[in-house]
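Take a look at the structure below.
The values are calculated or read from the model by the stated rules, or taken from the named source; none is laboratory data. It should be emphasised that the depicted structure is a prediction, and the values quoted were computed from it without experimental measurement. No Cβ is skipped: glycine too gets one built from the backbone with ideal geometry, and neighbour counts run over all protein chains shown. Side chains included, ligands, DNA and RNA excluded: accessible areas come from the protein's heavy atoms. Shrake-Rupley method; radii C 1.70, N 1.55, O 1.52, S 1.80 Å.
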Amino acid sequence: MLKRLLITTAIALAIGGVAEAQTPRKGGTIRFTAPYGSSFANLDIHTSNRAQDEIWAKAIHRSLYNWDAAAGKPVLELAKSVEASGDGLTYTFKLRDDAYFHNGRKLSADDIIWTYNHLMDGGKAYPGARYVRMIKGAVDVEKGQAKTISGLRKIDDNTFEMTLTERIDPGFYFWTATTSIYPTGESQNEAFASNPIGLGPYKLAEYVPGSRLVAERWDKFYNTGKPYADKVAIMIMGEASARDVAFRNKEIDASILGPAQYVAYKNDPELSKGLLEVAEVYTRVMGMNPEFKPFADKRVRQAINYAIDADLIIKRLVKDKAYRATSWLPPTSPGFDKSVKPYPYDPEKAKKLLAEAGYPNGFEFEWTATSNESWGIPIAEAVIPMLEKVGIKAKIKPVEGSVLSEVVRKGEYQAFLWSLSTGPDPQAALKCFHSKTPQTACNYTLFKNEEVDKLLDEAGSTNDATKKVENLTKVNNIVFDEAPYWFFNYNKAVMAHQPWLKGLQPNATELAIQNFEEMWVDESSPAAK
Amino acid sequence: MAAFLLRRLLQTVPILLAVALIIFILFSVIPGTFASSMSDDGRSVIDVQVMERMNKEFGFNDPVYVRFGKYVAQLVQLDLGTSFRTRQPVTKVLAERMWPTLMLTFASMLFSIVVGVPLGFIAALRPGSWVDTVSMVGAVSGLSLPKFWLGLLMMYLFALVLGWLPSFGYGDGSLRYLVLPSIALGVAPMALLARTTRAAVLEIMNADFVRTARAKGMSERKVVQWHLTRNALVIVLTTIGLQFGTVIGQAVVIEKLFSWPGLGSLLVDSVTLRDIPVVQGAILLIVLSFLVINTLVDVLCALIDPRIKYT
C-alpha cells in the first residue's frame, strides 16, 4: 500500500512539476466544478463550513494562513512573518502590506481583529468560531461578557498579536475559508451575502444560484503575476453521470470521480492521461458504540476487524479508489507509524476472540449507514456476509447524511459507517479520543483510556515538537489496538482534468478545493480566450 | 363565474394551510436538523456550541406547536420566513429560482402540447393504421422512460455524439440551454397527452351528436372542426392543467441533472440540508401554482364549452 502511495504521490508531484516547468499562460477561463450535490449555501462563507462552499471561497477569499498542498502543511498567507513567544502561547504577525480587498481598501490589522470578533458573535452560529475559540478571551465575547477578544492586540496597522489558550500551531486553525478575512463591518450590510468582498485572486462577477458562479481576475491581487486566467467559472454539478458527459464533451476542465468512473477513466487511453490521485486525510470506518454490550469488549471490536476482508472490498467494490487503513491517522500525518500493519483477514482468530469474549455464537447488531457508494450501504452489504461467517449478524438501518451526523453525536446507534476527517492536524484529530472530549464533539465511540489522556495532555502542553509527535504516534497506535472502529480505508480522491488545465494541486485536505491563482489553461482550451 | 372564482380562491386557503401543517409535522418528526446537515460529509466538523446556537437562532428550542403557531402567524402576513441556509427571506430565495422553473415548465408543456395533441388526433382519426400504432407505442414508451435516464441519454446523444447542444447548465438563459431539459421533462406529458387526445377523440367520434351531424350531411372537415376538436379540447385542456402541476413537481430530477437553477433543485438541496422554511415555501408555491393553473383550466373549459356551468 505504501509503495502504491509513494508512486501516486510521485505522479502527483510530477504533474505539478510539469505544470511548473511550462510557462503559465495568461487569459482564458478555468471551468471548474463543485461536485458535492447541493447548491452553495450563500455567499457569506462565514456561515458555512461545507467543502462545497469552500470551493468558490478559494477564488474570492483569503484567510490568515493557507494550505500548501505540496508541502502538506499550513503556510502564512496574509502575513509576511510570525514570531512565537518563549512560552509558545503568543504569536506576533506582521501582515503583508500589498493585500487589497475587492473594494480597493488595503488590508489592516483591524480587519483581522474585526473578523475574529465577528466570528465569535454569540447571537450567530458561525462554524469558524470553533477555531477562534482557541484565542484567549474569545469565549468571553461569545458569552457576551466582553466586547472584544482580549487575546488579540493591534500593534500597528500591519502588526497584531494573538495570545492562545493552548500550545497549538495556529496555522492549523486559521487556514480554512470559514475564517476568511472580511473588510471591517462590510458583512453587516445585507448586500454582502450576495456580493462578497474578499482578498482573493478573483472577485465575484456573476452568481446563478443552483447553477454556477463566475469570478473575474482581481488586478490588485498581491501575488505578482497571478492569477493567470481571466475568469473562473464554477459549475454546481452534483450528478456524477452528468459531469461525466460534460467532461467528455469538453465543457468542463475538471471532474471528481467516483469508483465506477475511476475504472472507466483509468481504462481509457486518453482520459487516463489526466488523472490526479491523492490520499486524502479522511478515514472510512465503522464506529462501534460501547454502550451496546458486545462492543464494550475490546476483543469483540478486534474480532470485527479480523473478520472483514477489507482488501477484497477495496479491490472489488471500491475499485482500488482507496488505500487500506492501518490506523486512525492517515499516512501523510506526522503521527502515522509506518511499521504498523493492518488487521489481517483472519476469520478463525475473529471466532476465537468472540468466544473468549463470551459470544461463541456471535450476536446481532443494527448498522446505521447512508447510501454513499464509498462509505455507505453498498459497503455494509459486502461486509455482512463476512461477519455472518463468524456468527455476527448485522441489520442495516439506512439514513440520510444529516441524520447520520445527528444520531452519531447523540449516541443513538449500535454501529455506524462513515468517512471522518483525520487531518490535517494530528493533535486535533487525536483529541477526539480524549475522555474529556464529548460524544457531541467528535468522541463518537465514547473512547476512554487513561494512557491516551495522559499522552494527549502532555502533547498539548509541551513545546518539544519531537516529543509531541512521539506522543501522538503512541496514541494513534493505542487507538488502533483498542479498535473503537473497524478501520476500513483512507480515501483516494481522484480528479480527472483536461490536458489544457495546468497547475492543479494535490490537496490532501480536499482535492476539490484548489487555489485558482495557481491554475492556468493553455491555448488548446475551448475557453482559452 | 365571479362567484366560482371567489369560491376557488377561498378554497385555496385551507388547502395551503393543510399542506403547511403536513410539511411542518413531517419535518418535525423526521430526524436531522440544519445544524446536523452541516457536518453530514464527515469532513465539516461543527462544534456543540455552534450547533446549539444554530438551533436557537432557528427557533428549534421551542415546542412544535409554538413553532407552528409562529409559522401560521407569519403566513397570514404573507411572510414565508427566513432561509436557514442563505439567511435571506424565503420569498427572495424562491423568486430567484421561480423564473428558470417557469421557463422550463412552459417550454416542456409547449413541447408536449405541440407534439402530443396532434399525434393523438392523427392516431384517432386513423385508428388501427401504422400512424396510430407507431404513435401509441411511442407514447407508452415515453410514459415509461425514467426521466433521469432519458435526460442522460439526450445529453449523451445531442451534446456528446452530435455536438448540437450544450449538455448542462443555464448559460445566459438562452434557448440552446433550454432545449434538452425541457424535452426530457416534456416527453412523459407529451405521451400522456397523445393517449388522452386519442381516447377523447375516439369517444366523441362515436357520440350521438357526431353521428347526427354526419347523417345530416355535414362535411368531415366541419365535423372534425366543430364537434371533435371543440369537445375533445375540454378533456385535453383538463389533462394539460393536471400535467402542468405534475411537470412542476417532476422538474426536481431534471433540474438536478442539468444543473438548472430552478425550484426543483432548490427543493432537493433544501430537503437534504433541512432548510425547512425553504422546503415549506417551495412546496406551498408549487401547490399554489397547481391550484391556480387548474382554476384557469376550469375557466377556459367553461368558455369553450357553454354546457359547463360554474356556480
- Message: So if I take the centroid of the Cα atoms in segment A:113-154 and the same for segment A:377-453, what is the distance between those two points in Å?
- Response: 31
- Note on the structure: Regression test value, accessible area per residue of segment B:169-254, probe 1.4 Å, units Å², expected 46
- Task: At a probe radius of 1.4 Å, figure out the A/B buried accessible area, summed over both chains, and give it in Å² to the nearest 100.
- Result: 4500
- Task: Could you look at segment A:369-451 and say what percent of its accessible area is carbon and sulfur, using a 1.4 Å probe and all protein chains?
- Result: 51
- Task: Determine, at each q value in 0.11, 0.22, 0.26 (inverse angstroms), the log₁₀ of I(q)/I(0) that the Debye formula gives when each Cα of segment B:137-207 is one equal point scatterer.
- Result: -0.37, -0.92, -1.09
- For chain A, build the charge dipole from Cβ charges (+1 Lys, Arg; -1 Asp, Glu) around the Cα centre, then report which of A:Met120, A:Met286, A:Ala350 sits farthest towards its positive end. A:Ala350
- Item | Net dipole in debye of segment A:421-483 [+1 Lys, Arg Cβ; -1 Asp, Glu Cβ; about Cα centre; nearest 20] | 160
- Task: Would you work out what percent of the accessible area of segment A:69-214, with all protein chains in place, is carbon or sulfur (probe 1.4 Å)?
- Result: 44
- Query: Can you give the three extents of the C-alpha atoms in segment A:161-203 along their principal axes, from longest to shortest, in whole Å?
  - Reply: 38, 22, 16
- Item | Listed residue (B:Pro100, B:Val117, B:Pro63) projecting farthest to the positive dipole end of segment B:62-148, Cβ model | B:Pro63
- Message: Quick test of the membrane-span-like rule: which DSSP H helices of chain B reach at least 20 Å along their long axis (C-alpha atoms) with mean Kyte hydropathy at least -1.0?
- Response: B:2-29, B:90-125, B:130-144, B:175-205, B:230-257, B:276-304
- What helix-only [θ] at 222 nm does chain A give? Using -39500 (n - 2.57) per DSSP H run of at least 4, over all residues, to the nearest 500, the answer is -8500 deg cm²/dmol
- Distance in nm between label sites at B:Val292 and B:Leu153, each 7 Å beyond Cα in the beta-carbon direction? 3.5
- How many nm is it between the label spots at A:Lys315 and B:Leu110, if each spot is 7 Å from the Cα in line with the beta carbon? 5.7
- For an R0 of 30 angstrom, estimate the FRET efficiency from the Cβ-Cβ distance between B:Val72 and A:Ser194 and round to the nearest 0.05. 0.55
- Using the scaling law 2.2 N^0.38 Å as the reference, what is the normalised Cα Rg of chain A? 0.99
- Task: Taking the Cα atoms of segment A:107-190, report the difference between the largest and smallest coordinate on each principal axis, in whole Å and largest first.
- Result: 38, 28, 25
- Query: Averaged per residue, what accessible surface does chain A expose to a 1.4 Å probe, in Å²?
  - Reply: 37
- Message: So if I place +1 on the C-beta of Lys and Arg and -1 on the C-beta of Asp and Glu, and nothing else carries charge, what would the dipole magnitude of the protein assembly as shown be about its Cα centre? I want it in debye, nearest 20.
- Response: 2140
- Measure off 7 Å from each Cα along the Cα-to-Cβ vector at B:Gln88 and A:Lys448, then give the distance between these two points in nanometres to one decimal. 4.9
- Rg over Rh [alpha-carbon atoms, Kirkwood Rh] for segment A:414-478: 0.98
- Tally up the carbon and sulfur contribution to the accessible surface of segment B:1-95 as a whole percent, 1.4 Å probe, everything protein left in place. 71
- All aspartates and glutamates inside 15 Å of A:Lys341 as judged from Cα atoms, apart from same-chain residues fewer than 8 positions distant: A:Asp309, A:Asp311, A:Asp481, A:Glu482
- Message: Given Cβ point charges of +1 (Lys, Arg) and -1 (Asp, Glu) and nothing else, what value in debye, to the nearest 20, does the dipole of chain B about its Cα centre take?
- Response: 980
- For segment B:71-148 and segment B:171-190, what is the separation of their Cα centres, given in Å? 11
- Query: Which Cys in the protein assembly as shown stand alone, with every other cysteine's Cβ at 4.7 Å or more from theirs?
  - Reply: B:Cys301
- Note on the structure: Hull surface over four for the Cα convex hull of segment A:122-244, reported in nm², is 10.8
- Would you work out which of B:Val253, A:Thr445, A:Leu456 lies farthest towards the positive end of the dipole of the protein assembly as shown, given +1 charges on the beta-carbon of Lys and Arg and -1 on that of Asp and Glu, about the Cα centre? B:Val253
